[in-house]
Amino acid sequence: MMQSDKAQLRQEVRRRVAGLSLQQRREAASRVAMLLQADPLYRQSRHVMAYWALPDELDLSEFVGSESAEKQFYLPVVDGDCLRVAPLTGHWREGAYHIQEPDGAEFADPAVLDYVIVPGRAFDASGNRMGRGKGFYDRFLASISACKTGVCFACQIFDQVPVGPEDVVMRQVFFA
């Protein structure tokens with residue numbers, strides 16, 4: 001698929017997500033949280049990477065907060081062209097692309113991760129993921145062996161999304 005097709009798909013996703021009410025967004029986050037909690041691989045995990053949701057992403061912050069006594073959570077930190085991980089702390093700063101990141105935490109070895117919750121712009125039934133176009137997640141995910149679980153709103157699921165050799169396939173995708 002050509003770059004213009006990806007741009008059109010991203011625009012379509014932006015339109016669909018913008019049409020969701022706050023109530024629909026909260027209900028979707030709650031349902032996806034239940035799917036995560038029911039996942040045997042998630043239940044076995046001890047070191048989980050989540051993400052700080054942008055305004056147009058599924059917000060799992062309540063879920064992460066409720067689970068943080070059971071598991072060590074990490075958040076992505078954009079460091080130049082790389083995505084690194086830092087332990088979840090109570091202190092925040094605005095990082096690259098206006099994304100909240102843990103403040104003052106040392107970077108962690110990504111090899112410790114056993115489960116990664118991955119946002120995306122669009123997913124398909126085969127686990128293919130289309131991100132925002134910078135490749136941060138794909139480069140990072142290709143370097144780790146953790147279970148990769150995509151999460152999104154149901155309106156972000158398509159029959160097929162464009163993929164290239166650099167794209168990392170999700171083990172599963174949870175949506176609502």
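FYI, it's all coordinate maths here, none of it is from the lab. Everything numeric in this text was worked out from a predicted model, so none of it was measured. Backbone-built Cβ (ideal geometry, glycine too); neighbour counts: all protein chains shown.
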What ranking, highest mean first, results for peptides 161-170, 113-122, 128-137 when packing means the other Cβ atoms within 10 Å averaged over each residue?
113-122, 128-137, 161-170
Tell me, how many Å apart are the Cα centres for the stretch 4-48 and for the stretch 57-99?
16
Asserting the computed 222 nm helical MRE of the chain (DSSP H runs at least 4 long, -39500 (n - 2.57) per run, divided by residue count, to nearest 500) equals -8500 deg cm²/dmol
Helix 3-18 versus the longest principal axis of the chain: what angle, 0 to 90°, nearest 10, using Cα atoms?
70
Quick query: amide H of Val151 versus all other amide H atoms, modeled in the peptide plane; which residues come in under 5 Å with a sequence gap of 5 or more or a different chain?
Val118, Gly120, Phe174
Expressed in angstrom, Rg and Dmax over the Cα atoms of the chain are 15.3, 44
At most 12 other Cβ atoms within 10 Å and a DSSP loop assignment: could you name the trypsin sites (Lys or Arg not before Pro) in the stretch 39-113 that fit?
Arg46
Using only the Cα atoms of the stretch 1-91, what semi-axes does the equivalent ellipsoid have when each is the square root of 5 times a gyration tensor eigenvalue? Give whole Å, largest first.
26, 19, 13
Cα to Cα, under 18 Å, and not fewer than 8 places away if on the same chain: which lysines meet these conditions relative to Lys71?
Lys148
Which value in nm describes the separation of the simple spin-label points at Ser66 and Gln37, placed 7 Å from the Cα toward the beta carbon?
0.4
